[in-house]
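Worksheet: one structure, shown below.
The values are calculated or read from the model by the stated rules, or taken from the named source; none is laboratory data. As the structure is a computational prediction, the values presented were derived from the model and not from experiment. Heads up, the Cβs are rebuilt from the backbone with ideal geometry, glycines too, and the neighbour counts pull from every protein chain shown.
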């Protein structure tokens, strides 16, 4: 059984910890054999084609396989806020979200629970789940694990965080991020292709890549955008300006300030220079204070 094979010597993500999660051993993601979830419910702060008008049926998984100094959800990702749940109970919650009218089921930080998610989605589909499944991840994925999801995931929503491994290690505690991330995005693109929207502008299938612009060009954004352009200039890319210092980034010598408008504009200009057709942007005000974030009103100012 996939769950037993994967969790018995865990190599679900590129960290390849090899721990036996079935016996309670925990690797870098600090997760055991049972699902752990922070919250479940309609979410209205994702990109417009994901949240739509009725919300994205979001499942926030606890823990993470990265250790980003600047994580805005560190209580969930690093401190493990959440509760245990069975696959059967989560499947039932997915059906409830569908009945509530959500446009999709949005799996946030799902990587370390891939075997359990496969089981959950299969149960939910047997119970009548029909809305698209969104895989919303940090982009540090194993291609083999992604291949086990083929046919179950309709929309991939990964990050492309860095184009430099030294910065990836320094600021997110991860080695060999760039190669793993790019191979993962290529696999996702191969599975689902470019984003497809229905007549009302809601995503039904495809790839949407997120890139968070960091202060002092820590993300080295041009490298990431250049890679994405090599896949397809028709890719949908969400370029985010919402960075603000939190968690271990507060008072950090490079991360301890808000993003400047000129830094964000430079990345947008780069994307336009590279010829992307489908860009989503966020607004910043003239005092460099970000407008409403993902937990409030939808922050996206639209398509460039």
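Below is a table of values for the structure above.
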quantity: Any hit, the range 158-179, residues being over 27 Å from residue 73 (Cα atoms), part of a helix (DSSP H, G or I), modelled with pLDDT of 95 or more and touching a helix residue (DSSP H, G or I) at 6+ places or on another chain (Cβ under 8 Å); calculated: no
quantity: In the range 27-74, the residues that are in contact with a strand residue (DSSP E or B) (Cβ under 8 Å, 6 or more places away or on another chain), part of a loop (DSSP other than H, G, I, E, B) and crowded, with 19+ Cβ neighbours inside 10 Å; calculated: 46, 47, 55, 62, 63, 73
quantity: Within the range 75-94, considering residues that are surrounded by 21 or more Cβ atoms within 10 Å (Cβ to Cβ) and under 22 Å from residue 11 (Cβ atoms), the one modelled with the highest pLDDT; calculated: 87
quantity: Hits in the range 193-232 - residues which are crowded, with 18+ Cβ neighbours inside 10 Å, in contact with a strand residue (DSSP E or B) (Cβ under 8 Å, 6 or more places away or on another chain) and either at positive phi or in a helix (DSSP H, G or I) (or both); calculated: 206, 221, 224, 225, 228
quantity: Hits in the range 157-170 (condition: over 11 Å from residue 224 (Cβ atoms) and more than 17 Å from the chain's Cα centre (by Cα)); calculated: 165, 166, 167, 169, 170
quantity: Matching residues in the range 95-118 - criterion: being surrounded by fewer than 19 Cβ atoms within 10 Å (Cβ to Cβ) and under 14 Å from residue 39 (Cβ atoms); calculated: 96
quantity: The range 139-180: number of residues that are within 23 Å of residue 129 (Cα to Cα) and out of contact with any strand residue (DSSP E or B) (no Cβ under 8 Å at 6 or more places or on another chain); calculated: 6
quantity: Inter-residue pairs, beta-carbon under 6 Å, first within 11 Å of residue 225 (Cβ to Cβ) and in the range 260-280, second assigned to a helix (DSSP H, G or I), 6+ apart; calculated: 267/221; 270/222; 270/225; 271/225; 274/225; 274/229; 279/271
quantity: Test for residue 146: is it touching a residue at least 24 places away in the same chain (Cβ under 8 Å), touching a helix residue (DSSP H, G or I) at 6+ places or on another chain (Cβ under 6 Å), crowded, with 20+ Cβ neighbours inside 10 Å and outside any loop (DSSP other than H, G, I, E, B); calculated: yes
quantity: Residues of the range 154-178 satisfying the condition of being surrounded by 19 or more Cβ atoms within 10 Å (Cβ to Cβ) and more than 30 Å from residue 56 (Cα to Cα); calculated: 167
